[in-house]
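> Once you've had a glance at the structure underneath, I'll fire off some questions.
The values are calculated or read from the model by the stated rules, or taken from the named source; none is laboratory data. Everything numeric here is computed off the predicted structure, so don't read it as measured data. Every residue, glycine among them, receives a Cβ derived from its backbone with ideal geometry; neighbour counts consider all protein chains shown.
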Amino acid sequence: MRRVDDAWIAGLVAAAVSGAPSTLITLAKGEDVLMGARGAGKLLVPREDRTLPLVAAAVPVHLALSLGWAAVLDRAVPRGAEIAGGVAGGLAIAALELGVIGRRIPAVRDLPQGRQWADHVAYGLAVGATLRARRRAETRRPCRS
């Protein structure tokens, strides 16, 4: 049960913070901060063009991807290598989501790619840091008999 809990928590933390790089850059440039959310929403409702339904659709898409990838990283990243492994995982996920799948989806392809890659690195870093903290806490807990 620990692994499921660790992945769940790491995914939720990463979901909450992973958009920070693109959001901050977009705000600093005075650009449309909802562009990324609309792009994610298009994955679920590709024929929709209205902002509110697209943003609403983006929430479960973002959560599902964040939780699913966190479960993969929890299994794949060895103890003691959580930070580097998380960042490497975030880059691998970006390569798949942006470089392979996203290039076929105009709403994803049209996003500023550097920012999206930065978000994926932030995602991997957040997952890795959360896994490291939870794994360290697990080893400090006394055994119950």
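> Which condition breaks for Val59 when tested against (1) β-branched (Val, Ile, Thr); (2) surrounded by 15 or more Cβ atoms within 10 Å (Cβ to Cβ); (3) closer than 30 Å to Asp5 by Cβ?
Failed condition: (2).
Results for (1) touching a helix residue (DSSP H, G or I) at 6+ places or on another chain (Cβ under 8 Å); (2) crowded, with 16+ Cβ neighbours inside 10 Å; (3) aromatic (Phe, Trp, Tyr), shown as yes or no for each residue.
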position	(1), (2), (3)
Val13	yes, yes, no
Thr26	yes, yes, no
Asp32	yes, no, no
Arg38	yes, yes, no
Leu52	no, no, no
Asp74	yes, yes, no
Ala88	yes, yes, no
Arg103	yes, no, no
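> Need a quick list: helices (runs of 4 or more DSSP H) entirely within the stretch 78-145 having at least 3 residues that are within 21 Å of Thr23 (Cα to Cα) and either of a type in the set (Asp, Glu) or modelled with pLDDT of 95 or more (or both).
82-94, 113-140
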